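The values are calculated or read from the model by the stated rules, or taken from the named source; none is laboratory data. What you are looking at is a predicted structure, and each value in this text was computed from that prediction instead of being measured. Methodologically, a virtual Cβ is constructed for each residue, glycine included, from the backbone with ideal geometry; neighbour enumeration extends over all protein chains shown.
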């Protein structure tokens, strides 16, 4: 019976397109999955998209689409990007699929029949952004998780008896100390559970975009219950064919971001306990990927598209940077400068240069065949040191990698690269290559064999991280398909003498400043293109709605002789109600304020020239009108993604447009 290994990413919410924050999690899982396959494990790697909930329902409405249309489009973008990156997932689950719905309802029935679900009424605050019931007091109170305005919910609900699992969860955390990693997240979760657990509302009766509760279809199942169940529904739980579930569950590693720890480390194990199902072995929570010291998000306008890096340097460069530069479990920073610097130092000048110089010399001096080293009795101290260093590298790398300490593991592997470079420089094989005597030829053969064998070991260890380049180097070593190499058996001396090398070609061409500039330009162009496409869709939607025929909808807007505009022109301006969450002065600008404005489905950064009229602290919590479909522009280095509406009396200070009545955040003005 073969050993199995099951690893999962979180399923990604389809309210926004994928960026490198999503890629980070998926690359980490792909790397682990690739390595486990090389270690001989029957590995199953799951990813997918989370497609239900109120936030999706509202985002679809704002985009003029049905929820299913929106989820189909964005889910396809995630899958398309993962395929372009050649990620080796075995299944891609969608929560709108029939197989998932069947499994979610089966889990509900099992937990209900076990006595852990009851019907009641919920009155309290709900955060649409986090799809979370929160401990907040009063209408409009801020969410303690994200700070956004919450909504008061009053409805009939089903409740899950979460309070019944407080002691059981604490027993789990204490008995299985590596259930939650890293330690900081484990401590946070234990503190939360010790503070007391209340029963959890697990259905909604005020929205329809979700999975119906069995036998009570006016309710839909809570989106987090729905989403968490994907890890077993993808394996066939609840269906007639449970072979995969029986084979792979429980999961060995469930990878998540730190912002969803509570759901995965409290709710998920409690649901499984209530159902009498096995718990996952380990939940790994990584940190955030920061850009300019802020978490990447659509609302901040600081999202970096994965495609930009793929076009500029390729997938291996991104994979290596994220796993080498970021200490897993902690927040890490991304910049194009740092990416190129790491690429040049470790890949182009490091592994790439080692492969090129070693294999080129074997080709030149030994007709492209791995040479026979001299007898052990004649080998030098430096030869023996290389053998010892390689053996120590294998052991340390494996230990660190199994602990998900990717950065340290790669540091250890690249120390071997540095050691081989030093060995080559000190041994000067090029000088020996000019001599014809047997002793020089024997010494040259030993140096180049030692260098090639060390190169082989680094290449094998690094393959799960940088699969494309290492496959090329492995082929240049004449070793065939690297994916078939049994990594668990890796040791010194496995490079067969006389092996014929393949064609030696560079694998990591050096990048220069123009590469950075090119990626920055691509990124900016990508943002503009995305915005233009969205505006074009909005224009077409408005024109079609306002015109009786498709022909009239395509006519250009005209301005009347008296300067008046048509209703079609006015309809192009999208005005929405927003609520100011953050307000602060812009450094070095007397008239500008930087605002973060909640629009219901997202938070926008807006830079407004109202500092002379309003103190920042007076604006927080205030509802304002925002023009949301303007092309973003930069003011004092800050991107303003929208415009605040104000009256500007002649010679006077601006006065913000506001409301006497209570208007919901996100409402469109017509």
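For the range 212-238, which positions are in contact with a helix residue (DSSP H, G or I) (Cβ under 6 Å, 6 or more places away or on another chain) and either surrounded by fewer than 23 Cβ atoms within 10 Å (Cβ to Cβ) or not assigned by TED's automatic domain parsing to the domain that holds residue 102 (or both)?
Those that are in contact with a helix residue (DSSP H, G or I) (Cβ under 6 Å, 6 or more places away or on another chain) and either surrounded by fewer than 23 Cβ atoms within 10 Å (Cβ to Cβ) or not assigned by TED's automatic domain parsing to the domain that holds residue 102 (or both): 214, 236, 238.
Among what's in the range 1-34 and is out of contact with any strand residue (DSSP E or B) (no Cβ under 8 Å at 6 or more places or on another chain) and in a loop (DSSP other than H, G, I, E, B), pick the residue that is surrounded by the fewest Cβ atoms within 10 Å (Cβ to Cβ). Don't jump to the end; show me each part of the working.
Initial filter on the range 1-34 (out of contact with any strand residue (DSSP E or B) (no Cβ under 8 Å at 6 or more places or on another chain)): 1, 15-17, 19, 23, 27, 31, 34.
Of the ones still in play, those that are also in a loop (DSSP other than H, G, I, E, B) are 1, 15-17, 19.
Working: 1: 5, 15: 20, 16: 17, 17: 16, 19: 21.
Taking the candidates together, the pick is 1.
List the pairs whose first member sits in the range 229-249 and is at positive phi, whose second member is crowded, with 24+ Cβ neighbours inside 10 Å and part of a loop (DSSP other than H, G, I, E, B), and whose Cβ atoms are under 9 Å apart, counting only residues at least 6 apart or on separate chains?
238/229
Scan the range 442-455 and give yes if some residue there is over 19 Å from residue 419 (Cβ atoms), touching a residue at least 12 places away in the same chain (Cβ under 8 Å) and surrounded by fewer than 21 Cβ atoms within 10 Å (Cβ to Cβ), otherwise no.
Among the residues of the range 442-455, at least one is over 19 Å from residue 419 (Cβ atoms), touching a residue at least 12 places away in the same chain (Cβ under 8 Å) and surrounded by fewer than 21 Cβ atoms within 10 Å (Cβ to Cβ), which makes the answer yes.
Are there strands (runs of 3 or more DSSP E) fully within the range 51-135 with at least 3 residues that are closer than 14 Å to residue 14 by Cβ and within 19 Å of the chain's Cα centre (by Cα)? List them.
Result: 91-94.
Tally up the residues in the range 366-381 that are surrounded by 14 or more Cβ atoms within 10 Å (Cβ to Cβ) and in a helix (DSSP H, G or I), please.
1
When the range 42-73 is examined, which residues are found to be touching a helix residue (DSSP H, G or I) at 6+ places or on another chain (Cβ under 9 Å), surrounded by fewer than 20 Cβ atoms within 10 Å (Cβ to Cβ) and in contact (Cβ under 8 Å) with a residue 12 or more places away in the chain?
42, 57, 63, 64, 68
Return a yes/no flag: does the range 131-144 have any residue that is modelled with pLDDT of 95 or more and crowded, with 19+ Cβ neighbours inside 10 Å. Before you say what the answer is, go through the steps one by one.
Pass one, the range 131-144, residues modelled with pLDDT of 95 or more: none.
Scanning the range 131-144 turns up no residue that is modelled with pLDDT of 95 or more and crowded, with 19+ Cβ neighbours inside 10 Å.
Would you be able to say whether some residue in the range 626-636 is part of a strand (DSSP E or B), closer than 24 Å to residue 62 by Cα and within 28 Å of the chain's Cα centre (by Cα)? Walk me through it before giving the result.
Initially, the range 626-636 is screened for residues part of a strand (DSSP E or B), giving 626-627, 633-635.
Next, from what is left, pick out any that are closer than 24 Å to residue 62 by Cα: 626-627, 633.
Subsequent filtering for residues that are within 28 Å of the chain's Cα centre (by Cα) retains 633.
Scanning the range 626-636 turns up at least one residue that is part of a strand (DSSP E or B), closer than 24 Å to residue 62 by Cα and within 28 Å of the chain's Cα centre (by Cα).
For the range 486-500, give me each residue that is surrounded by 13 or more Cβ atoms within 10 Å (Cβ to Cβ), out of contact with any helix residue (DSSP H, G or I) (no Cβ under 6 Å at 6 or more places or on another chain) and in contact (Cβ under 8 Å) with a residue 60 or more places away in the chain.
Correct list: 499 only.
With respect to residue 408, is the statement that it is within 24 Å of residue 34 (Cα to Cα), in the same structural domain as residue 371 (by TED's automatic domain parsing) and outside any loop (DSSP other than H, G, I, E, B) true?
Values: within 24 Å of residue 34 (Cα to Cα): yes; in the same structural domain as residue 371 (by TED's automatic domain parsing): yes; outside any loop (DSSP other than H, G, I, E, B): yes.
Judged against the criteria, residue 408 is a match.
Out of (1) modelled with pLDDT under 75; (2) surrounded by 16 or more Cβ atoms within 10 Å (Cβ to Cβ); (3) in contact with a helix residue (DSSP H, G or I) (Cβ under 9 Å, 6 or more places away or on another chain), what's the single condition that is false for residue 527?
(3)
Is it fair to say residue 358 is in a helix (DSSP H, G or I) and surrounded by fewer than 15 Cβ atoms within 10 Å (Cβ to Cβ)? I'd like the intermediate steps shown before the answer.
Details: in a helix (DSSP H, G or I): yes; surrounded by fewer than 15 Cβ atoms within 10 Å (Cβ to Cβ): no.
Spelling it out, it is not the case that residue 358 is in a helix (DSSP H, G or I) and surrounded by fewer than 15 Cβ atoms within 10 Å (Cβ to Cβ).
Can you find a residue that is closer than 27 Å to residue 273 by Cα, under 28 Å from the mean Cα position of the chain (by Cα), assigned to a helix (DSSP H, G or I) and in contact (Cβ under 8 Å) with a residue 12 or more places away in the chain anywhere in the range 137-146?
Initial filter on the range 137-146 (closer than 27 Å to residue 273 by Cα): 145.
Imposing the further condition that a residue be under 28 Å from the mean Cα position of the chain (by Cα) reduces the set to 145.
From the residues that got through so far, the ones that are assigned to a helix (DSSP H, G or I) too are none.
No, the range 137-146 contains no residue that is closer than 27 Å to residue 273 by Cα, under 28 Å from the mean Cα position of the chain (by Cα), assigned to a helix (DSSP H, G or I) and in contact (Cβ under 8 Å) with a residue 12 or more places away in the chain.
Residue 191: within 30 Å of the chain's Cα centre (by Cα), farther than 14 Å from residue 269 by Cα and at pLDDT below 95, yes or no? Spell out how you get there, then give the answer.
On the way: within 30 Å of the chain's Cα centre (by Cα): yes; farther than 14 Å from residue 269 by Cα: yes; at pLDDT below 95: no.
When the stated conditions are applied, residue 191 does not pass them.
Does the range 276-294 hold any residues that are within 26 Å of residue 3 (Cβ to Cβ) and either in a helix (DSSP H, G or I) or out of contact with any helix residue (DSSP H, G or I) (no Cβ under 6 Å at 6 or more places or on another chain) (or both), and which are they?
Of the range 276-294, the ones within 26 Å of residue 3 (Cβ to Cβ) are 276-286.
Matches in the range 276-294: 276, 277, 278, 280, 281, 282, 284, 286.
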